[in-house]
Amino acid sequence: MLTASCLRTARRQFSLSARKLNINKQLDELAALKLQGSKVPTVDSVKAEKSRLVDAFGQYEPQVLTTEEVLPGSSRPLPINAELNYYAPLKHEVKHGHLKAEIVFKAFEPANLEFIADFALRVAYYLGLPATGPLPLRKRTERWTVIKSPFVHAKTKENFERHTHGRKIKIWDADNEVIDIMLSVLQKHSMWGVGMKCNMYVQEPLGMGKAMQKLSDNAKQVSDLSSTLDTLHEESDSPVAQKVVELLKDPLFAQHLTSEQLEQVQQKASNSD
Amino acid sequence: MSEVLKIVKASKPMKRFPQPVSIPTGFLNTRVLRDNFKRQMAAQYEVTTKALKFIARNAALPQKVRIEAQVQLTALPNFTRMNQVRDRCVESGTSKKIIKPFRVSRYQFRLMARDGEFPGVKKGVW
């Protein structure tokens, strides 16, 4: 009802102003008219808090270590994490000394290798993993001496060689899932000509010896037909095991088995099917 | 004589190998084809050979079954055995002086290494 009356007034006013060509004055009046009818909304306390937080974020001044505060061309300071790229990678302290993974990088040229090892340490730092390294591995030199000519003249030879450089990074006191994340990051940003290998270590609880005693006796399966068949049944996914059962059922082999043994074989085979 | 040969050829096309195989990529000659045939056959018969060996060497099975498996194993043609295959140069097909990591013969290795085809391999200077 209110808006309808407002509109009507507005239309009248507009037609008047169009005649008089004094639009600015009329618009001010119109605004005043509009404000009369509408309430000013009140902001609840939670939203006000949030807006204050946003203001605080706008006032945030990143810390810089160098004297040059503003990045040339961008009127913004260099963020501290970007600036850290100019320094040696930060490392978390090794607390418990539980070795969880060893990441080995190998390449024929050391330049890319140094870079990727540095990158890996930074990844470990930002994921919160205590890492040590990079430990340089012994340079592996392979040499080939070949005869120069395609046929005879074996006195003239040529030497070729290839050096393999390596860097090792150790990850300590970490969760396997976080190590997986780190490895996938490294794989995503892997570099040309640099190979990566990871040895992961798992710690077993105490009492492993007792658990191992419970494992099935391997010696038994070669002295007893039923345990052999059990083994074949357990490994029924393997194509070789399937083929063995198939061969034993074949008349060529079945003729050498006693009826009881054959029955045993067929029973096991039907179970696996 | 030639007439007879013609009749034989018409009735039964000559086959290079006892079983059909695919042709390898890369350098081709008779010896490469023959070696490739053996490789494919060895791969095809791998499961059978392993199963027969399992039976022949399993002391739990009756002696007659084991001997039968051994007989079957011996009766398999030679081309099913992995020890029949030999490393051949992928560039020139020769079987002599193959440099294992690169699968090429010494002369091809020299040419390719000088052209920088193998990452990291350079002239040895020490």
Most mobile of B:ALA56, B:ALA75, B:ALA42 in a GNM of chain B (Cα contacts under 10 Å): B:ALA75
Cβ neighbours within 10 Å from other chains - mean over B:30-36: 0
Residue by residue through region B:63-78, what is 3J(HN,Hα) from phi via Karplus (6.51 cos²θ - 1.76 cosθ + 1.60, θ = phi - 60°)? Round to whole Hz and write x for glycine and proline. 4, 5, 4, 5, 5, 4, 4, 5, 5, 4, 4, 5, 6, 5, x, 4
Per the Kirkwood formula over distinct C-alpha pairs, the hydrodynamic radius of region A:142-273 in angstrom is 21.9
Measuring from its Cα centre, chain B shows a charge dipole (+1 at each Lys and Arg Cβ, -1 at each Asp and Glu Cβ) which, in debye to the nearest 20, is 300
Whole-Hz Karplus ³J(HN,Hα) for region A:180-190, in order, using 6.51 cos²θ - 1.76 cosθ + 1.60 and θ = phi - 60°, x for Gly and Pro? 4, 4, 4, 5, 5, 4, 5, 5, 5, 9, 5
Exposure of B:VAL21 as accessible area (Å², to 10), given a probe of 1.4 Å and all protein chains: 50
Can you give the average number of partner chain beta-carbon atoms within 10 Å of each beta-carbon in peptide B:62-68, as a whole number? 4
Cα Rg over Rh - region A:82-130, Kirkwood: 1.00
In whole Hz, what ³J(HN,Hα) sequence does region A:124-133 give by Karplus (6.51, -1.76, 1.60; θ = phi - 60°), x for Gly and Pro? 4, 5, 6, 8, x, 9, x, 10, 10, x
Excluding ligands and nucleic acids, what accessible area in Å² is computed for B:VAL85 using a 1.4 Å probe, to the nearest 10? 30
What do you reckon, how do B:LYS100, A:LYS214, A:LYS170, A:LYS249 stack up by accessible area (1.4 Å probe), largest on top? A:LYS214, B:LYS100, A:LYS249, A:LYS170
Ignoring everything except DSSP H segments at least 4 long, calculate the 222 nm mean residue ellipticity for the protein assembly as shown; use -39,500 (n - 2.57) per segment, divide by total residues, nearest 500. -14500 deg cm²/dmol
Ignoring ligands, DNA and RNA, how do A:LEU183, A:LEU53 rank by accessible area with a 1.4 Å probe, largest first? A:LEU53, A:LEU183
Keeping all protein chains in position, work out how much accessible area A:LYS268 exposes to a 1.4 Å probe, and write it in Å² to the nearest 10. 60
Nearest 10 degrees, 0 to 90: what angle lies between the long axis of helix B:30-44 and the longest principal axis of chain B (Cα atoms)? 50
Quick one: ranking A:HIS153, A:HIS92, A:HIS163 by accessible area, 1.4 Å probe, largest first, what do you get? A:HIS153, A:HIS92, A:HIS163
When B and A pair up, the total accessible heavy-atom area removed from solvent (1.4 Å probe), in Å² to nearest 100, is 3200
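The values are calculated or read from the model by the stated rules, or taken from the named source; none is laboratory data. Bear in mind that the values here come from a model prediction, so they are computed numbers and not experimental data. Cβ sites come from the backbone with ideal geometry, for glycine too, and all protein chains shown count toward neighbours. Accessible surface is based on the protein model in full, side chains and every heavy atom, while ligands, DNA and RNA are left aside. Shrake-Rupley method; radii C 1.70, N 1.55, O 1.52, S 1.80 Å.
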